[in-house]
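**Q** Structure in structure tokens, see below.
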Amino acid sequence: MDILSLLLTITGYMIIAYMLIVGGIYLILFFMSMPKIRREHGLDRDEPIEELTESEDTYPVSVLVPAYNEELGVVSTVRSLLALKYPEFEIIVINDGSKDKTNEKMLTSFNMEKVNSPIRQHFPTAQVNHVYRSRTHKNVWLLEKDNGGKADALNAGINFSRYPYFAAIDGDSILERDALLKTMKPIIDSNGGVTCTGGTVRIANGSEIRRSVVEKIALPKQPLAIMQIVEYFRAFLIGRLGLSRVNVLLIISGAFGVFEKQRVIRAGGYETKTIGEDMELIVRLHKMLKDEKSTQRIEYIQDPVCWTEAPSDVKSLKSQRIRWQKGLAQTLWRHKKMMFNPKYKGIGLFSMPYYFFVELLSSVFEFLGYFIIIAGLVFGLVNPEVTTLMIIVTILYGSLLSALAVLLEEWTYHKYRDMKSILVLYFWALTESFWFRPFMVWCRVVGLFSVLKKKQSWGDMKRKGIEEEQKGA
């Protein structure tokens, strides 16, 4: 065996060990999630929240909708919010310098008029030029401002908001009617002991949506979109729920989260100089809580559902994942002093290293793994036993974990009622390691190499509009 073959073989064993360890961590998170999932199985999820609709302890909420070029989805999002079962809330759409007809869609769809309304200055933001209020729905507002990015738009919304809690939701998303009640319930029950919560995000592609309500949940036709459904199952039902159980969750999805406003104001609001503003805020809140020795928690609630449009073409998906990877790297670098710092307990000793070695660097190890497999199969440079073991571990690492996530979804929430959909999900989950995961690895590696670029962007995604999904897109 020459030196190159020896090095590749040793590297192969190291990568196999890494993937087995990471797979073991996922299994631990799965078993940590099981008690909560078991309680959810067969539970009547409506009964515990009905009393909140009339309770005086149910805090009013400001729902912030940052919108940049969201003409295809913003009206559907606002209509879904107007249908929420919640005693008191306001909807604030922040048009962040859109170049399309986002503003016109809002003005005409909700019969809005320009008003003079004071705006507090908790944070500096790009110029807010006009404020509009709906004549037909007095709790619907529109802020028209210069472009400053999503974080800047959210900060402008916080400045304008009136209520003690705010929910941040993407401009292309639709909430289920009871989602806000269920997400606020832990905050209300804990009497403020929970400072922010995040709900489950699901893929709307393929479902029938009418009058801004998901009437029939169905799968999309594109395998690319189906794999994202499976991917979201794994991320939310295994990853985030397990981390939330021990209060070390570092991300609340930007698509749907609820926050205590004064806590966010004290933390300095959303950071405008990072791409992953949602994760960066959560890490900063954790740091603040630990510095203050506060007992407040940040929780993930697995039942509330926010439906969003997923990228259905390769270019948009690649752009999205590169942006996510860059945001993760920026956040970890910005808060690197928390890494392995016992002062921050589980956050510093487990969660930060987990996101660094598993979520960020796993793409590098997997990329090397694919390289070694090719070197073994095509060029015979790697011991056949190592190559075979690498292939087996790669399949187990990706496909079987995804199949397990589909099983969890079917056992608990059973959103996809027909057996055909379940079988389709299982089939594509088992194929993940052969096409979808290598593509995701490549996107994340590209994201790592581009992380030093200073240009900030929301990224472009070719949208069909979430209402059009009812046509079977």
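The values are calculated or read from the model by the stated rules, or taken from the named source; none is laboratory data. Small disclaimer: the values here were computed from a predicted structure and weren't measured. Note that each Cβ is placed from the backbone with ideal geometry, even for glycine, and that neighbours are counted across all protein chains shown. In case anyone asks, the SASA skips ligands and DNA or RNA and just uses the protein heavy atoms, side chains included. Shrake-Rupley method; radii C 1.70, N 1.55, O 1.52, S 1.80 Å.
**Q** Residues being closer than 19 Å to Gly24 by Cα and assigned to a helix (DSSP H, G or I): count how many of those fall in the range 353-386. Give the steps one after another, and end with the answer.
**A** The initial filter retains those residues of the range 353-386 that are closer than 19 Å to Gly24 by Cα, namely 353-366, 369.
Then keep just the ones that are assigned to a helix (DSSP H, G or I); that gives 353-360, 362-366, 369.
Residues in the range 353-386 being closer than 19 Å to Gly24 by Cα and assigned to a helix (DSSP H, G or I): 14 in total.
**Q** Return the total of residues in the range 174-194 being of a type in the set (S, T, N, Q) and surrounded by fewer than 24 Cβ atoms within 10 Å (Cβ to Cβ).
**A** Here is the first cut: in the range 174-194, the ones of a type in the set (S, T, N, Q) are 183, 190-191.
So of that shortlist, the ones also surrounded by fewer than 24 Cβ atoms within 10 Å (Cβ to Cβ) come out as 190-191.
Here the count works out to 2.
**Q** Okay, next question. Which condition number does Thr295 fail, the rest of (1) hydroxyl-bearing (Ser, Thr, Tyr); (2) open to solvent by 40 Å² or more (accessible area, probe 1.4 Å); (3) within 26 Å of Glu409 (Cα to Cα) being met?
**A** In the conditions (1) hydroxyl-bearing (Ser, Thr, Tyr); (2) open to solvent by 40 Å² or more (accessible area, probe 1.4 Å); (3) within 26 Å of Glu409 (Cα to Cα), Thr295 misses (3) alone.
**Q** Here's something else I'd like to know. How about the range 96-114: which of its residues are open to solvent by 80 Å² or more (accessible area, probe 1.4 Å), under 28 Å from the mean Cα position of the chain (by Cα) and either closer than 11 Å to Val74 by Cβ or acidic (Asp, Glu) (or both)?
**A** Residues of the range 96-114 that are open to solvent by 80 Å² or more (accessible area, probe 1.4 Å), as a first pass: 99, 101, 104-105, 108, 114.
From what's left, under 28 Å from the mean Cα position of the chain (by Cα): 99, 101, 105.
If the condition is that a residue be open to solvent by 80 Å² or more (accessible area, probe 1.4 Å), under 28 Å from the mean Cα position of the chain (by Cα) and either closer than 11 Å to Val74 by Cβ or acidic (Asp, Glu) (or both), then Lys101, Lys105 are the ones that fit.
**Q** Right, something else. Just give me the residues in the range 408-421 being modelled with pLDDT under 90 and either in a helix (DSSP H, G or I) or under 27 Å from Pro35 (Cβ atoms) (or both), in sequence order. Even if it seems obvious, please write down each step before you answer.
**A** Pass one, the range 408-421, residues modelled with pLDDT under 90: 408-419.
Hits for the range 408-421 are Leu408, Glu409, Glu410, Trp411, Thr412, Tyr413, His414, Lys415, Tyr416, Arg417, Met419.
**Q** Out of Thr200, Thr125, report the one residue that is β-branched (Val, Ile, Thr), at pLDDT 95 or above and either open to solvent by 20 Å² or more (accessible area, probe 1.4 Å) or within 19 Å of the chain's Cα centre (by Cα) (or both). Outline the logic, then answer.
**A** Details: Thr200 fails: at pLDDT 95 or above.
It is Thr125.
**Q** Looking at the structure I just gave you, is Gly242 small (Gly, Ala, Ser), outside any loop (DSSP other than H, G, I, E, B) and open to solvent by less than 10 Å² (accessible area, probe 1.4 Å)? Let's see the steps before the verdict.
**A** On the way: small (Gly, Ala, Ser): yes; outside any loop (DSSP other than H, G, I, E, B): yes; open to solvent by less than 10 Å² (accessible area, probe 1.4 Å): yes.
In short, yes.
**Q** Hey, can you tell me all the residues within the range 134-147 that are more than 11 Å from Ile94 (Cα to Cα) and surrounded by fewer than 20 Cβ atoms within 10 Å (Cβ to Cβ)?
**A** Arg135, Thr136, His137, Lys138, Asn139
**Q** Count, please, the residues in the range 306-329 that happen to be polar (S, T, N, Q) and surrounded by fewer than 21 Cβ atoms within 10 Å (Cβ to Cβ).
**A** As a first pass, look at the range 306-329 and keep what is polar (S, T, N, Q): 308, 312, 316, 319-320, 325.
When the remaining residues are screened for being surrounded by fewer than 21 Cβ atoms within 10 Å (Cβ to Cβ), the result is 316, 319-320.
Result for the range 306-329: 3.
**Q** Related question: Just give me the residues in the range 399-409 being open to solvent by 10 Å² or more (accessible area, probe 1.4 Å) and either basic (Lys, Arg) or touching a helix residue (DSSP H, G or I) at 6+ places or on another chain (Cβ under 6 Å) (or both), in sequence order. Spell out how you get there, then give the answer.
**A** Narrowing the range 399-409 to residues open to solvent by 10 Å² or more (accessible area, probe 1.4 Å): 400-401, 403-404, 407.
Listed by number, the residues that qualify are Leu401, Ala403.
**Q** Pick out the one residue from Glu215, Glu176, Glu271, Glu280 that is farther than 30 Å from Phe434 by Cα, in contact with a Ser or Thr (Cβ under 7 Å, 6 or more places away or on another chain) and of a type outside the set (A, V, I, L, M).
**A** Working: Glu215 fails: in contact with a Ser or Thr (Cβ under 7 Å, 6 or more places away or on another chain); Glu176 fails: in contact with a Ser or Thr (Cβ under 7 Å, 6 or more places away or on another chain); Glu271 fails: in contact with a Ser or Thr (Cβ under 7 Å, 6 or more places away or on another chain).
Unique residue meeting the criteria: Glu280.
**Q** In the range 263-289, what residues are within 10 Å of Asn155 (Cβ to Cβ), touching a helix residue (DSSP H, G or I) at 6+ places or on another chain (Cβ under 6 Å) and not in a helix (DSSP H, G or I)?
**A** Gly269, Tyr270, Glu271, Thr272
**Q** Moving to a separate point now. Scan the range 63-73 and give yes if some residue there is under 19 Å from Lys150 (Cβ atoms), in a helix (DSSP H, G or I), open to solvent by 10 Å² or more (accessible area, probe 1.4 Å) and modelled with pLDDT of 90 or more, otherwise no.
**A** We begin by selecting, within the range 63-73, every residue under 19 Å from Lys150 (Cβ atoms); these are 63-73.
Adding the requirement that they be in a helix (DSSP H, G or I) leaves none.
No: the range 63-73 contains no residue that is under 19 Å from Lys150 (Cβ atoms), in a helix (DSSP H, G or I), open to solvent by 10 Å² or more (accessible area, probe 1.4 Å) and modelled with pLDDT of 90 or more.
**Q** Out of (1) aliphatic (A, V, I, L, M); (2) modelled with pLDDT of 90 or more; (3) open to solvent by 10 Å² or more (accessible area, probe 1.4 Å), what's the single condition that is false for Ile3?
**A** (2)
**Q** Would you please name the residue that is nearest to Leu29 (Cα to Cα), looking only at residues in the range 336-352 that are in contact with a helix residue (DSSP H, G or I) (Cβ under 8 Å, 6 or more places away or on another chain) and open to solvent by 20 Å² or more (accessible area, probe 1.4 Å)?
**A** Residues of the range 336-352 that are in contact with a helix residue (DSSP H, G or I) (Cβ under 8 Å, 6 or more places away or on another chain), as a first pass: 338-345, 347-349, 351-352.
This time we only want the ones that are open to solvent by 20 Å² or more (accessible area, probe 1.4 Å), so: 339-343, 345, 349.
Details: Met339: 20, Phe340: 20, Asn341: 22, Pro342: 21, Lys343: 23, Lys345: 18, Leu349: 16 Å.
For the range 336-352, the residue satisfying everything is Leu349.
**Q** Now, a different point. Name the single residue that is farthest from Gly193 (Cα to Cα) among those in the range 242-270 being free of Cβ contacts under 8 Å to residues at least 60 places away in the same chain and among the small types (Gly, Ala, Ser). Don't jump to the end; show me each part of the working.
**A** Taking the range 242-270 as the starting set, the residues that turn out to be free of Cβ contacts under 8 Å to residues at least 60 places away in the same chain are 244, 251-253, 266-267.
Within this subset, residues satisfying the condition of being among the small types (Gly, Ala, Ser) are 244, 253, 267.
Values: Ser244: 14, Ser253: 20, Ala267: 17 Å.
Across the range 242-270, the extreme among qualifying residues is Ser253.
**Q** Still on this structure, please answer the following. Restricting attention to the range 204-220, which residues are open to solvent by less than 30 Å² (accessible area, probe 1.4 Å), farther than 20 Å from Leu423 by Cα and in a loop (DSSP other than H, G, I, E, B)?
**A** Correct list: Ser212 only.
**Q** Scan the range 221-235 for residues that are of a type outside the set (S, T, N, Q) and open to solvent by 10 Å² or more (accessible area, probe 1.4 Å) and jot them down. Lay out the reasoning, then the answer.
**A** Going through the range 221-235, the residues of a type outside the set (S, T, N, Q) turn out to be 221, 223-227, 229-235.
Answer for the range 221-235, where residues must be of a type outside the set (S, T, N, Q) and open to solvent by 10 Å² or more (accessible area, probe 1.4 Å): Lys221, Pro223, Leu224, Glu231, Tyr232, Arg234, Ala235.
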